[in-house]
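Novice: Take this structure, written in structure tokens, and hold onto it; I'll ask about it next.
The values are calculated or read from the model by the stated rules, or taken from the named source; none is laboratory data. Fair warning: this is a prediction, and the values are worked out from it, not measured in the lab. Quick reminder, even Gly has a Cβ in these numbers, built from the backbone with ideal geometry, and neighbours come from all protein chains shown. Areas reflect the complete protein model, heavy atoms only, side chains present, ligands, DNA and RNA absent. Shrake-Rupley method; radii C 1.70, N 1.55, O 1.52, S 1.80 Å.
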Amino acid sequence: MQTAVVIRKNKKHNVIPRLSGAVGMAVAAAPVAAQSADTKLAAVELPAVTVNGESESGFKADTASSIKTPGALLDTPKSITVIPQEVIQSTASTNLSDVLRTVPGISFGAGEGGNPVGDRPFIRGYDAQASTFLDGFRDIGSQSRELFNVESVEVTKGPAGAYDGRGSAGGSINIVSKAPKLTSFAEGNIGVGNAEYKRATVDGNWKFAEHAAFRLNAMAYDAGVAGRDTTHQNRLGIAPSVAFGLGTDTRLTLSYYHMQSDDTPDTGIPYNNPTFNARTDGRPRTRVAGDGSPVNVPRNTYYGLADRDFRKDNADMGTIRFEHDFSPALKFRNQTRIARTTQDYIWTQPDDSQGNLYYDMIWRRANTRISTANTIANQTDLSGEFATGSIKHKYAFGVEFAQEKSQNDTYNVDTGNNRCPKGPGAAGGYNCTTLYNPNPNDPWAGAISRVNNPTNSKTNTSSVYAFDSIELNKQWLVNAGVRFDHYSTEFQAARAANGTRAEYSRDDNLFNYQLGVVYKPVENASFYISYGTSSTPAGSFLAQGSDGNALAPDRNGRNPGSNLAPEKNRAFEIGTKWDVLRKRLALTAAIFRVETTNARITMQDGTAAMAGDKRVDGVELGFSGNVTDNWAVFGGYTHLKSELRNNGGAGSAFGATNGQSFPNTPADSFSLWSTYQLFPNFTVGGGAYYVSKVWGSEASNKWVPSYWRFDAMASYRINKNVALQLNVMNLADKVYYNQAYASHYASIAPGRQGILSLNVRY
């Protein structure tokens, strides 16, 4: 028999004094386009970013994956967007979702219990939750990622199997961490704003020997969510790193990253068209079926329980990187990562499955999760250049070994009957509430206990890869890459009533490749055509996300090995890249098709088969850099046409969803972030973002409407060391939804948020 443990949490968080006491006078400010200790602090502005990731202000996209793209990005036949530090700072972005909104073609999905809450980006219509990387290592644990230790973010679009191994057909995200430099500086940021916003960051770099340096980044964050009074976020992070041999041929870097959060999670808003189940207690029906969008209630409506709901994330990662340059044409790198990510939550989902909404009631369903993800991985790379006659090669060769494990458990939470038989309020133990006037402070007193019956997943991967950027002459280049992965995965189900635990396993050999041809009519322009593949094997999410090809039996209890084969994805892309205005402004354009011809679907008899067919066609435009010396821009436009061509379905549902759109895939999205330096010490900026209608599920008619959002920024440089920056997000206080779940609810976005930051650098 299990003991009931009631969990309560401290509502008020106060970590800012705790951090400032630890770092003392080192609290200063975020770096603003400064590269050395004696560089004057500039007002926050964008540099002139070129396609190959460099700018006139010295910015360079030094990402781990650059080894696998040995040529300049101008010469790489693939859509790659680098979000530089200047964009992160000037937009006042604090987490990964914030900064990814500046890249069109990326949308976000919502989570629940089995599909955990946290970062869930969709790229070109495909879920990339398990295709997020940190410094080239897959970061599988579900979480909401912070930016205090991030130098830049790189988004690679299209199947990236040759680059990353198993993964999404839409693309991948690589986060690049800050690293020690051969200089000394201390900088930081203190920000305050409405909705109880408080944030402090520290970034200190100390050169303690001729070729050695130590860097420390730290962060404390404590804030509510504008327009959502009950929701609260609390984060604390620290990231020390030390490097030896900087500026020499042999370098060693040791780094550690810790981030923890303790939040009151958001609940979202239910859709207005649940399935109708008539009551038998005589209660009159008060509503008719809606159109499928979220129900029209005030933005601050919160269906959760403030003293019950909580969410705690922890991430710990240690990395060792060793590099040696045998010569300018031959370089060696070996790096090892050990990581552990945990997630623990109970949060209320406003459940609409039983039709309580038609009687102005909502059942407070509890979504729960206790998960741990552990990773140990090692990568070894050789990269360099050589020539065969007049043909030049820039190559990379590498091997990778990784083991990933996860364990997922849940809580027992006494939430009563989901039909709300006793109505809202005390009679039903506050497990049901009213649609229009829920009270988050209801004195819910139900029992909570841990189930102690987890599922377990484990994946071992061994990989080898090779890339070559071949310059035939100054006009023609060929870019090729291949990767082979031996993928071995196991899944152990939760204990059944008879005490047994079902186990499933599968081994696969994954072969993926990338091939592109580049034509450069002039030095600053390129046209390209490319073809690439990726593979999504069974269990690739390790139960850390919504896995469309889970390692489990089908609905009839069958488990034939052929039905668990990897999904195979491929993409065709034609594009062009131009560096204009003295190479200060990068312009890109591409048309593409991504398709999966053997997606896992349910057949008419209920069995699973690798017979699905789905496709996304699209057009993308991008721009980044400087229009004039004072005017900088970053953004683009994406149009996607998605179609489930053969989506299966059991019984009479077979083929019913064919022709429908992908979930979480807007047809049109646009983003623009721009700054203008009016005076030497004064810069203004603004952003405009558009996302068209997004389906949670077209089959059940769940969707969120299109929206425009506008942001504004102004910065003033007081002197060479101190600057002020004001950001206003969602300037018009627009009510919109930024995540659509397939059923039940959608996540409402924050209201107007104003943040005033003090930036200091010495």
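Novice: Calculate the dipole size of the chain relative to its Cα centre from +1 charges on Lys and Arg beta carbons and -1 charges on Asp and Glu beta carbons; express the result in debye to the nearest 20.
Specialist: Approximately 880 debye in magnitude.
Novice: Sticking with this structure for a sec: Give 458/614; 157/568; 181/720 a once-over and call out the pairs whose C-alpha atoms are over 23 Å from each other. Please list the in-between numbers first.
Specialist: Values: 458/614 29 Å; 157/568 16 Å; 181/720 21 Å.
Beyond 23 Å: 458/614.
Novice: Would you list 735, 155, 691 from the most to the least accessible area, probe 1.4 Å?
Specialist: On the way: 735 75, 155 0, 691 30 Å².
Ranked list, largest accessible area first: 735, 691, 155.
Novice: I've got another one for you. Mind checking the alpha-carbon convex hull of segment 645-707 and giving the volume per residue in Å³?
Specialist: Numbers: hull volume 5.6 nm³, N = 63.
Normalising the Cα hull of segment 645-707 by residue number yields 88 Å³.
Novice: Summing Lys, Arg as +1 and Asp, Glu as -1, what charge do residues with Cβ under 12 Å from the Cβ of residue 465 carry, residue 465 excluded? Before the final figure, lay out the partial values.
Specialist: On the way: positive: 68, 483; negative: 164, 381, 400, 468, 485.
Net of charged neighbours comes to -3.
Novice: Turning to a different aspect of this structure: What ³J(HN,Hα) values, in whole Hz, does the Karplus curve 6.51 cos²θ - 1.76 cosθ + 1.60 give for segment 313-324 when θ = phi - 60°, with x put for Gly and Pro?
Specialist: 10, 9, 9, 10, 9, x, 9, 10, 10, 10, 10, 9
Novice: Turning to a different aspect of this structure: What does the charge add up to near residue 171, with Lys and Arg as +1, Asp and Glu as -1, over the other residues with Cβ less than 13 Å from its Cβ? Before the final figure, lay out the partial values.
Specialist: On the way: positive: 78, 124, 157; negative: 127, 154, 164, 573, 620.
Around residue 171, the surrounding residues sum to -2.
Novice: To continue, here is another question. Give the residue from 742, 685, 644 lying farthest towards the positive end of the charge dipole for segment 637-762; charges sit on Cβ (+1 for Lys and Arg, -1 for Asp and Glu) and the dipole is referred to the Cα centre.
Specialist: Positive-end residue among those listed: 685.
Novice: At residue 693 and residue 756, where each label point lies 7 Å from the Cα along Cα→Cβ, what is the point-to-point distance in nanometres?
Specialist: The modelled label-to-label distance comes out at 4.3 nm.
Novice: Express the accessible area of the chain per residue in Å², computed with a 1.4 Å probe while the remaining protein chains stay in the model.
Specialist: Values: 28880 Å² over 762 residues.
Per-residue accessible area for the chain comes out at 38 Å².
Novice: Express in Å², to the nearest 10, the accessible area of residue 485 obtained by rolling a 1.4 Å probe over the protein heavy atoms while all chains stay in place.
Specialist: So the heavy atoms of residue 485 present about 0 Å² to solvent.
Novice: What net charge do the residues around residue 703 carry, taking every other residue with its C-beta under 15 Å from that of residue 703, with Lys and Arg at +1 and Asp and Glu at -1?
Specialist: Summing Lys/Arg as +1 and Asp/Glu as -1 gives -2.
Novice: Continuing with this model, one more query. Using only the Cα atoms of the chain, what semi-axes does the equivalent ellipsoid have when each is the square root of 5 times a gyration tensor eigenvalue? Give whole Å, largest first.
Specialist: Numbers: eigenvalues 330, 205, 132 Å².
So the equivalent ellipsoid measures 41, 32, 26 Å along its semi-axes.
Novice: Something else: What residues qualify as long-range amide H neighbours of residue 660, i.e. H under 5 Å apart, gap of 5 or more or another chain, H built at 1.01 Å from N?
Specialist: 644
Novice: Are any of the pairs 577/693; 178/583; 198/312 more than 24 Å apart by Cα-Cα distance, and if so, which? Write down the numbers at each step before the final one.
Specialist: On the way: 577/693 29 Å; 178/583 26 Å; 198/312 19 Å.
Correct reply: 577/693; 178/583.
Novice: Per-residue ellipticity at 222 nm for the chain, helices alone: DSSP H runs ≥ 4 residues times -39500 (n - 2.57), over residue total, nearest 500 deg cm²/dmol? Present the calculation step by step, with values, prior to reporting the outcome.
Specialist: On the way: 4 runs with 23 residues, N = 762.
Mean residue ellipticity at 222 nm (helix-derived): -500 deg cm²/dmol.
Novice: Also, quick follow-up: What ³J(HN,Hα) values, in whole Hz, does the Karplus curve 6.51 cos²θ - 1.76 cosθ + 1.60 give for segment 140-156 when θ = phi - 60°, with x put for Gly and Pro?
Specialist: For segment 140-156, the Karplus curve yields 7, x, 5, 5, 10, 7, 8, 10, 5, 10, 9, 7, 7, 10, 10, 10, 9 Hz.
Novice: Using a 1.4 Å probe over the heavy atoms of the protein chains, calculate the carbon and sulfur portion of the accessible area of segment 71-137 as a whole percent. If you can, show how the numbers build up before the last one.
Specialist: Working: 500 of 990 Å².
With neighbouring chains kept in place, the figure for segment 71-137 is 51 percent.
Novice: With each pseudo-label sitting 7 Å past Cα toward Cβ, what's the residue 722-residue 525 distance in nm, one decimal?
Specialist: Inter-label distance under the simple model: 5.0 nm.
Novice: If you don't mind, there's one more thing I want to ask. Can you tell me the order of 648-654, 568-574 when each peptide is scored by its average per-residue count of other Cβ atoms within 10 angstrom, highest first?
Specialist: Working: 648-654: 14.9, 568-574: 20.4.
Output ranking for 648-654, 568-574: 568-574, 648-654.
Novice: Further question on the same structure: If you roll a 1.4 Å probe over segment 366-474 with all protein chains in place, what percent of the accessible area is carbon or sulfur?
Specialist: Roughly 53 percent, rounded to a whole number.
Novice: Could you please tell me the mean projected area of the C-alpha convex hull for segment 291-352, averaged over all directions and given in square nanometres to one decimal? Kindly include the intermediate steps, with their values, before the conclusion.
Specialist: On the way: hull surface 38.8 nm².
That works out to 9.7 nm², a quarter of the Cα hull's surface.
Novice: How large, in percent, is the carbon and sulfur part of the accessible surface of segment 207-313 at a probe radius of 1.4 Å? Please list the in-between numbers first.
Specialist: Numbers: 2190 of 4110 Å².
Exposed carbon and sulfur together represent 53 percent of the surface.
Novice: Roughly how much of residue 156 is accessible, in Å² to the nearest 10, using a 1.4 Å probe?
Specialist: 20
Novice: Turning to a different aspect of this structure: Residue by residue through segment 501-516, which ³J(HN,Hα) values in whole Hz follow from phi under the Karplus form 6.51 cos²θ - 1.76 cosθ + 1.60 (θ = phi - 60°), with glycine and proline marked x?
Specialist: 10, 5, 10, 9, 8, 7, 10, 9, 10, 9, 10, 10, 8, 9, 9, x
Novice: Can you figure out the FRET efficiency of residue 378 with residue 276, using R₀ = 35 Å and their beta-carbon distance, to the nearest 0.05? Walk me through the numbers before you get to the answer.
Specialist: Working: r = 56 Å, r/R0 = 1.59.
It comes out at approximately 0.05.
Novice: Right, another one. For residue 207, which aspartates and glutamates qualify as cross-link partners when the Cα separation must be under 16 Å and same-chain residues fewer than eight apart are set aside?
Specialist: 38, 187
Novice: Obtain the radius of gyration and the Kirkwood radius of segment 492-556 from its C-alpha atoms and give Rg over Rh.
Specialist: Values: Rg = 21.2 Å, Rh = 16.1 Å.
Rounded to two decimals, Rg over Rh is 1.32.
Novice: Further question: Accessible surface of residue 541 in the full protein assembly, 1.4 angstrom probe, to the nearest 10 Å²?
Specialist: Probe radius 1.4 Å; accessible area of residue 541 about 20 Å².
Novice: Now for a separate question. Expected output is a single nm value to one decimal: the length gained when fully extending between residue 495 and residue 183, i.e. 0.36 nm times separation in residues minus the C-alpha distance. What is it?
Specialist: Numbers: separation 312, 0.36 × 312 = 112.32 nm, distance 5.58 nm.
That works out to 106.7 nm of additional length.
Novice: Need the list of aspartates and glutamates near residue 422 for cross-linking: C-alpha distance under 17 angstrom, and skip anything on the same chain fewer than eight residues off.
Specialist: Of all the aspartates and glutamates, those that pass the test against residue 422 - Cα under 17 Å, at least 8 places apart if same chain - are 281, 351, 352, 360, 414, 442.
Novice: Along the charge dipole of segment 658-737, pointing to its positive end and built from +1/-1 on Cβ of Lys, Arg, Asp and Glu, which listed residue (701, 727, 660) has its Cα farthest out?
Specialist: Comparing the listed Cα positions along the dipole, 727 ranks first.
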